[in-house]
């Protein structure tokens with residue numbers, strides 16, 4: 001009986017740990033685990049004394065930080081169907097009026113900067129249908145640089161719901177060199193659902209039409225899938 005309870009407990013703990021980590025980072029986690037183990041073993045075999053300790057600490061620290069980076073906590077989206085949700089954790093660094101071919105004139109662009117210490121899993125801001133997906137190669141400016149919106153590598157996503165269009169863009173930063181997006185044109189999506197991530201520091205821009213009343217200001221911290229950026233007049 002004790003053995004059964006122990007195995008059940010171990011299974012539950014493994015399930016909890018597995019569910020807390022983003023599936024988008026499993027390959028990277030495995031790669032860094034192997035690299036850290038090899039680095040640590042090399043240090044133990046080739047070095048001595050304080051140098052062994054330093055290498056062990058650095059190897060362990062790298063793997064622990066990678067686990068921390070790929071954390072994926074559950075979120076509770078509000079039930080309001082008019083709410084436009086933040087697609088990323090981070091801090092709002094820009095709010096400005098724009099004219100956009102997908103969302104129309106007098107739209108509003110909200111830029112969210114994600115530091116290395118934010119959760120990097122991205123979430124759908126509004127329920128609807130994915131209409132467009134457009135990947136652009138580009139440079140790797142610092143994500144907080146406003147020029148990164150047009151010049152950096154990015155994935156632009158257009159979503160439509162009952163005639164209302166929203167565009168949101170994953171923008172790679174200086175350290176971020178991999179954009180993950182599991183969406184496809186024609187796919188029905190729900191607000192708050194995970195759809196991808198950007199590796200290691202980046203930003204996410206969202207453009208909403210003028211019928212959305214903005215309820216946030218520059219400098220506000222956001223929680224993906226929970227923070228309400230604005231409400232649509234529908």
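Project the alpha carbons of segment 83-232 onto their principal axes and report the range along each, largest first, in whole Å.
Projected onto its principal axes, the Cα set of segment 83-232 covers 37, 31, 27 Å.
With the crude spin-label approximation of a point 7 Å out along Cα→Cβ, what separation in nm comes out for residue 213 versus residue 133?
Roughly 3.5 nm, to one decimal.
Provide 153, 106 in ascending order of the number of other Cβ atoms located within 10 Å of each residue's Cβ, fewest first. Present the calculation step by step, with values, prior to reporting the outcome.
Values: 153 22, 106 12.
The most exposed by this proxy come first: 106, 153.
Sorting check: for 189-198, 44-53, 118-127, which peptide has the highest mean count of neighbouring beta carbons within 10 Å, and how do the rest follow? Can you show the working numbers first?
Values: 189-198: 20.3, 44-53: 11.1, 118-127: 25.0.
The packing order, highest mean first, is 118-127, 189-198, 44-53.
If neighbour count is taken as other Cβ atoms inside 10 Å, put 100, 136 in order from fewest to most.
Details: 100 17, 136 13.
Ordered from fewest to most neighbouring Cβ atoms within 10 Å, 100, 136 come out as 136, 100.
Would you work out if segment 34-118 is rounded, prolate or oblate? Take a ≥ b ≥ c from the square roots of the eigenvalues of the alpha-carbon gyration tensor; rounded if a/c is under 1.5, else prolate when a/b is larger than b/c, oblate otherwise.
Values: a/c = 4.70, a/b = 2.98, b/c = 1.58.
Prolate shape, in that a/c is at least 1.5 and a/b is the bigger ratio.
Starting with the highest mean, order 161-167, 215-221 by the number of other Cβ atoms within 10 Å, averaged over the residues of each peptide. Could the numbers behind the result be given before it?
Working: 161-167: 17.9, 215-221: 12.7.
For the peptides 161-167, 215-221, the packing ranking is 161-167, 215-221.
Computed from the coordinates by the stated procedures, all read-outs in this text should not be read as laboratory data. Model, not experiment: these values are computed from the prediction. Positions of Cβ are generated from backbone atoms using ideal geometry, with glycine treated the same way; all protein chains shown enter the neighbour counts.
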